[in-house]
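A.B. asks: Below is one structure. I have some questions about it.
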Amino acid sequence: MPLEITRYSILAFLAVLVLAAAAGGASALVVGWARSIVRAAPAVAGAGLALTSLAALNLAVPRTCSIEPEVRNRPVISALVGDACERTALGQVQLVLLLGVSTSLAVRTATTRPPRRALGAVADR
């Protein structure tokens, strides 16, 4: 039986390559972000990274959906393929992103010093 190469098989192969490259780039970006915030404020960053990673790991836990109880899928898969549980899955993905942004904001706030005038210095007039 000869191997038949169609346009769809080539597109599927290219999609796999692009997704693998995107996943590698995204993981390098996340590791760089985590290292930079841990250097800036270790305690705040550690707590934020722990919460963010727990929420991210929760995306891989298979569960049923209240809309279609017979469908059992992981939220990250539901968000990508758009099944009946897509809205719930997108909400969980947004929670992970919100925790990441909140962690960055908390680290930035913890490492920023207030201006001198806020400490009681009188402004020149």
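Every read-out reported here was derived from the displayed coordinates using simple, explicitly stated rules and does not represent laboratory data. Being a predicted model, the structure only gives us computed values, none of them experimental.
A.B. asks: In deg cm²/dmol and to the nearest 500, what is the mean residue ellipticity at 222 nm of the chain if only DSSP H runs of at least 4 residues count, each as -39500 (n - 2.57), divided by the residue total?
C.D. replies: The per-residue figure over the chain is -23500 deg cm²/dmol.
A.B. asks: Under 5 Å between amide H atoms, partner at least 5 residues away or on a different chain: which partners does Arg63 have, H built in plane at 1.01 Å?
C.D. replies: Those qualifying (amide H under 5 Å, at least 5 residues apart or on another chain) are Asn73, Arg74.
A.B. asks: Take the chain, connect every pair of alpha-carbon atoms lying under 10 Å apart with a spring to form a Gaussian network, then pick out the residue of Ile37, Ile67, Ile77 with the largest mean-square fluctuation.
C.D. replies: Ile67
A.B. asks: Of Thr52, Thr88, Thr112, which is the most mobile in a GNM of the chain whose springs link Cα atoms less than 10 angstrom apart?
C.D. replies: It is Thr112.
A.B. asks: With the cut-off at 24 Å, report for the chain the share of all Cα pairs above it, as a whole percent.
C.D. replies: Roughly 54 percent, rounded to a whole number.
A.B. asks: Here's a follow-up. For the chain, what are the DSSP H helices with axial Cα length of 24 Å or more and mean Kyte-Doolittle hydropathy of at least 0.5?
C.D. replies: 7-40, 86-111
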